1. Do we find a residue being out of contact with any strand residue (DSSP E or B) (no Cβ under 7 Å at 6 or more places or on another chain), more than 24 Å from C:GLY112 (Cα to Cα), away from chain C (no Cβ under 14 Å) and not charged (D, E, K, R) anywhere in region D:186-208?
2. Take F:GLY83 and decide whether it is in the same structural domain as F:GLY11 (by TED's automatic domain parsing), in a loop (DSSP other than H, G, I, E, B), closer than 30 Å to F:THR16 by Cβ and free of Cβ contacts under 8 Å to residues at least 12 places away in the same chain.
3. Here is a check on your reading of the model: is C:PRO139 modelled with pLDDT under 95 and not acidic (Asp, Glu)?
4. Which of the residues spanning region C:196-212 are in contact with a helix residue (DSSP H, G or I) (Cβ under 7 Å, 6 or more places away or on another chain) and surrounded by fewer than 20 Cβ atoms within 10 Å (Cβ to Cβ)?
5. So, in region C:53-62, exactly how many residues are assigned to a strand (DSSP E or B) and in contact with a helix residue (DSSP H, G or I) (Cβ under 8 Å, 6 or more places away or on another chain)?
6. Taking the residues in region C:73-119 that are within 14 Å of chain D (Cβ to nearest Cβ) and among the acidic types (Asp, Glu) as candidates, determine which candidate is surrounded by the most Cβ atoms within 10 Å (Cβ to Cβ).
7. Can you pull out every residue in region F:13-34 that is assigned to a loop (DSSP other than H, G, I, E, B), touching a helix residue (DSSP H, G or I) at 6+ places or on another chain (Cβ under 9 Å) and touching a residue at least 24 places away in the same chain (Cβ under 8 Å)?
8. For the structure I just gave you, tell me whether E:TYR53 is in contact (Cβ under 8 Å) with a residue 12 or more places away in the chain, over 14 Å from E:ASP168 (Cβ atoms) and in the same structural domain as E:LEU145 (by TED's automatic domain parsing).
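The values are calculated or read from the model by the stated rules, or taken from the named source; none is laboratory data. All figures in this text were calculated on a predicted structure; none of them were measured in a lab. Neighbour counts run over all protein chains shown; Cβ positions are idealised from the backbone, glycine included.
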Number of protein chains: 6
Amino acid sequence: MNQEIREKLMGVSVATLATALYKRGLRNQVIQGVHPVGWKGRNMVGPAFTLRYMPAREDRNQLTEFRNPDHPQRVAIETCPEGHVLVMDSRKQANAASAGDILITRLMKRGGAGVVTDGGFRDAATIAGLDIPAYHTRPSSPTNLTNNEAIAINEPIGCGDAPIFPGDIIVGDADCVIVIPAHLAEEVADEAVEMTAYEDFVLERVKEGEAIIGLYPCTKDEHKRAFETWRRQNDR
Amino acid sequence: MNQEIREKLMGVSVATLATALYKRGLRNQVIQGVHPVGWKGRNMVGPAFTLRYMPAREDRNQLTEFRNPDHPQRVAIETCPEGHVLVMDSRKQANAASAGDILITRLMKRGGAGVVTDGGFRDAATIAGLDIPAYHTRPSSPTNLTNNEAIAINEPIGCGDAPIFPGDIIVGDADCVIVIPAHLAEEVADEAVEMTAYEDFVLERVKEGEAIIGLYPCTKDEHKRAFETWRRQNDR
Amino acid sequence: MNQEIREKLMGVSVATLATALYKRGLRNQVIQGVHPVGWKGRNMVGPAFTLRYMPAREDRNQLTEFRNPDHPQRVAIETCPEGHVLVMDSRKQANAASAGDILITRLMKRGGAGVVTDGGFRDAATIAGLDIPAYHTRPSSPTNLTNNEAIAINEPIGCGDAPIFPGDIIVGDADCVIVIPAHLAEEVADEAVEMTAYEDFVLERVKEGEAIIGLYPCTKDEHKRAFETWRRQNDR
Amino acid sequence: MNQEIREKLMGVSVATLATALYKRGLRNQVIQGVHPVGWKGRNMVGPAFTLRYMPAREDRNQLTEFRNPDHPQRVAIETCPEGHVLVMDSRKQANAASAGDILITRLMKRGGAGVVTDGGFRDAATIAGLDIPAYHTRPSSPTNLTNNEAIAINEPIGCGDAPIFPGDIIVGDADCVIVIPAHLAEEVADEAVEMTAYEDFVLERVKEGEAIIGLYPCTKDEHKRAFETWRRQNDR
Amino acid sequence: MNQEIREKLMGVSVATLATALYKRGLRNQVIQGVHPVGWKGRNMVGPAFTLRYMPAREDRNQLTEFRNPDHPQRVAIETCPEGHVLVMDSRKQANAASAGDILITRLMKRGGAGVVTDGGFRDAATIAGLDIPAYHTRPSSPTNLTNNEAIAINEPIGCGDAPIFPGDIIVGDADCVIVIPAHLAEEVADEAVEMTAYEDFVLERVKEGEAIIGLYPCTKDEHKRAFETWRRQNDR
Amino acid sequence: MNQEIREKLMGVSVATLATALYKRGLRNQVIQGVHPVGWKGRNMVGPAFTLRYMPAREDRNQLTEFRNPDHPQRVAIETCPEGHVLVMDSRKQANAASAGDILITRLMKRGGAGVVTDGGFRDAATIAGLDIPAYHTRPSSPTNLTNNEAIAINEPIGCGDAPIFPGDIIVGDADCVIVIPAHLAEEVADEAVEMTAYEDFVLERVKEGEAIIGLYPCTKDEHKRAFETWRRQNDR
């Protein structure tokens, strides 16, 4: 993805993006139920690269399976393009792990922009300390083979009840993760930057004692003018 | 699938099959949470043909979408081979329909052996009256577009937390639906027929007042001999 | 409500109405999770009259409370206008009852058009035999005081995650219950009658062996013409 | 248990019993989430005999385990006293069976008064046809070994979040199952018979058009007198 | 509310208050499932001011709706009296936000004593840094319009399955939030202060190696005497 | 338990142990849904001592019940052997507490190695600061009497859907808690130490840029040799 869009998305919140998508009729783009494995202090931004899990059948999911060089979980880690976010459809099952610290470290080394599962990670305490954003529902120590078989790479999937198409732009902040359809990324990034400027202005005013009605959203000319002045003064 | 195997599987219960698979280390082959939409009085048996749903994105799931001749839900109905069971991964979401009476009628006319979803059907009361076995979690009137987008045909999927590979043998009775891995179908069918004979014998004996211990399972020679006699007498 | 609209709505399915509302951008109008307490063989149709429950506080919900002539549950039963459907927001809690056979019998005698709760009824087996449609999630014998306090009559409420405003038109069939916003009732009823005609035509054709694509929805002129002929022949 | 109490409890509803216990401060005695496996047309009544399940550990729950003559599930079936209700704490897990048709048939033959699980039965369609009341949450074909190990007989347990002590009186009707603490059985049975008489009187009056307020519960002298007359006339 | 009661409640735990209410027969006064959005190191105490949400209907919940100066969510923020706690019945739905940082900042500026929702807040990371106690179930970025319509102010509501009447006293600590019925606030505050003194004494003794039985609760005279001495020495 | 085994288990992760048990066919030994109440920076290790809760019946669970010196909850705290982990089967119910700070402090003083509940603790913020590992699902202020009655000590139980037999070895780390069957403790501890050495080696290599396939698990001779060298160099 375009570096300029990436930078814009680094500076806005998932809440603001959710509102921008809501205006466009998209109401279910937030990946429900996930949170940061140790908030890294900066947004996660990148195009989605996907891994799909299905329920595990015992005969296909013995530990020896990991010796298979074509095992999709391992292949996903080794082929996720630099700057992309690996998104895993773990069927909202956190009773076993989606991945652990070794794989996530490898993804970090390969330049992955982040990782999201609607299941849970093992070695979560270690992952919390890695320099790559990760999101899950809760720590989960059992090997993924217990519940889930990695079955397909870069298909359209669901994650936390949100639709993910490969290449959609994933943005995570301290609260949540959202999916921006690829074709909307640029306009939504632009709009979110604008919205953020206004929200920052509003927050300042509210801290000074201003009431919300008429200010948020803006329905009064005086606020419009004050905002224009504020933008100039703050170079926004 | 082989007609002989089909006939064997028409005469055994899902419970017996579950035990036969349990012996082989397969513990999660029952599709959890589904029941017959009007029990048709005979088992559903056939190889799986699959349809995968993902979460619906609003811009891709307008009603006009059904005008698309390549819409996977419609294509699945029109391409499911005769004698096969259409199994839908509806992500265990029954808030909107997986299909309705018109599509299921069409599937029936095309010779489908049955249909299973881990979501719900609309027009369920009508489907209950059709001459094709159908299984779901509950009736659900909203169009599938509300929640789910049909995205892929004949991939490996999950349904009710069970793993389904295309071609696996699906068997449904009045209680439940089970998935027999294709390569085990013959041996499991044979074994289930044997087990059913013994269970029928046991049930007769229990109705006559026999105690369970030693009889079920059989650990006494006298029961072994009595069973052999019973088989000859009953031509089993 | 207008008798003509009522009759139209008696003859269409909730599924068809859900699609008509979906076209208008309303996706969550089906009351999730409820089913008929003994299907009465005819649709339930009427404007909503509502009762709201809140969590019960023990000191306010002793059995003596029922001696209070102003207890909102009892008042709701005695004031629900003839032809209306009493809709109860039971907070999706079925661990205690929303009402029992005596109250529902009284509602029937007073001319109520039906009753819906997103909780459960006690004496459900008796209610199943009454000549009034009733919908709930499951039978529940404990008195409502255990969990829920009836607190307000004819406010806007939620029921099974659907929004209900007093006067909205409620329609229930063998599968589900739907809420039609009052201002849309007429146009949706009309459209649903039209859609039903086409669906009946389609079902006939499908039973005769016709494929779905192009027919449902109608994208081919030949089907349009065939439908026009069918309508004339069948007086639809 | 006393035959007189049993007969009284055969003639009252679980709803009425729930109210009688509610008066005594007992609010959670209904076994939540269970329903009849084929309603047998008469109440289930008897003292509780219990079986407790715990999560299954794979090495202790191979099929060979059933060959153990001391397996608690089998022993429970063979030792449950005549006239008792076997109540199973299946940890509200219905993904595998609590028991199947052979065991329930044996329990019936041994004079069991009924069986309840907060899990599910396999062979439920067959159990529905047996002459013994049975209650569960849903049919479930996998063998109990899959999820649950039978571990203890006749301990205090939970079932459907209700507390069960061995010897408590269990009553099931078409809707629900309730647990009457042993020491309250007589007084509650008596009171429920009285309450049922009044409720039957009320239902008759309501069917004749009487309003509820003042009648149910009775707060008017006229109703008190009318009820006395009705009792005499109906020999209640 | 009385400043003296407020101060007493600032110094006791929700656990202690729960026990004091339990003695009075009130068992469900803890708001289930919520936790602090960044623990602020001091209790939240104040009378309840309530906001009720209902399921959102799409046509009534467009973004333009926020331009309405009478929108109940905004009005609630601007009218919640100083020193009160704003309690939101979000129907236990955290898939969309109950409010965000701008509104909570405004509430703080207006002197609100805190805010509780049984849904989730957007901008939760920012709210965690504000000088006002806030409790929710999890961060949630989508605008409230997605799921919930603010419909009524200062009605009796449920929150986290607890009953809330306007004016009830809300107390939150690092663990949980509890609702004290208004008429019990004074006596419960007094009793909780007493209980806290004893619990502090007990904790000291236990840390010194004392056993619990006989000490907690106090059933031995020696502990009674020791406690009296301790109170004098510690000025409690 | 043997001090040497304890030390080995102090140095390995629950994830590694889960894999070692998985190899032995044990897939459900992780206690699902619990996390540390304030991670204490070191593993919790010790044999299980158990407490079983059942649903509370109101007449048996008044506050006065705590005055009973034989109350099983209090007795469990006072009899749990030194070095053991107290594991509570709270039926996965966190609506009321399993225990509070006073009892956990007493357990700590008595030399308990830790405490686990599949419910929640009251006074969790205080427990987080104690020098004893504790695991639960969430803070919960109501007294345990509200929901649960302590009924039996040192029976086999379930906790978080895992099977616990008294004497099984419990290990908790920053992520999860696992149950090692007593007879496997030694061999699993040994194997986990070996696995940990290899995983540490792998993590180092991956941080240096090595790819995963062939390295984890080890399928290449070069990695085997490199690991041997690394062990010698690092004295592992």
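1. In the first step, residues of region D:186-208 are kept if they are out of contact with any strand residue (DSSP E or B) (no Cβ under 7 Å at 6 or more places or on another chain); the result is D:186-187, D:189-208.
The next check asks that each one be more than 24 Å from C:GLY112 (Cα to Cα); those that pass are D:186-187, D:189-198.
Those still in the list that are away from chain C (no Cβ under 14 Å) too: D:186-187, D:189-190, D:193-194.
Restricting the remaining residues to those that are not charged (D, E, K, R) gives D:189, D:193.
Checking region D:186-208: at least one residue is out of contact with any strand residue (DSSP E or B) (no Cβ under 7 Å at 6 or more places or on another chain), more than 24 Å from C:GLY112 (Cα to Cα), away from chain C (no Cβ under 14 Å) and not charged (D, E, K, R).
2. Working: in the same structural domain as F:GLY11 (by TED's automatic domain parsing): yes; in a loop (DSSP other than H, G, I, E, B): yes; closer than 30 Å to F:THR16 by Cβ: yes; free of Cβ contacts under 8 Å to residues at least 12 places away in the same chain: no.
No, not satisfied.
3. Details: modelled with pLDDT under 95: no; not acidic (Asp, Glu): yes.
Here the answer is no, as C:PRO139 does not meet what is asked.
4. C:THR196, C:ALA197, C:LEU203, C:LYS207, C:GLY209, C:ALA211
5. Of the residues in region C:53-62, the ones assigned to a strand (DSSP E or B) are C:53-55.
Now restrict to residues that are in contact with a helix residue (DSSP H, G or I) (Cβ under 8 Å, 6 or more places away or on another chain): C:53.
Going through region C:53-62 one residue at a time, the tally reaches 1.
6. By that ranking, first place goes to C:ASP101.
7. To start, the set of residues in region F:13-34 that are assigned to a loop (DSSP other than H, G, I, E, B) comprises F:13, F:24-29, F:31-34.
Narrowing the set further to residues that are touching a helix residue (DSSP H, G or I) at 6+ places or on another chain (Cβ under 9 Å) leaves F:13, F:24-29.
Passing the criteria: F:SER13, F:ARG24, F:LEU26, F:ASN28, F:GLN29.
8. Values: in contact (Cβ under 8 Å) with a residue 12 or more places away in the chain: yes; over 14 Å from E:ASP168 (Cβ atoms): yes; in the same structural domain as E:LEU145 (by TED's automatic domain parsing): yes.
In short, yes.
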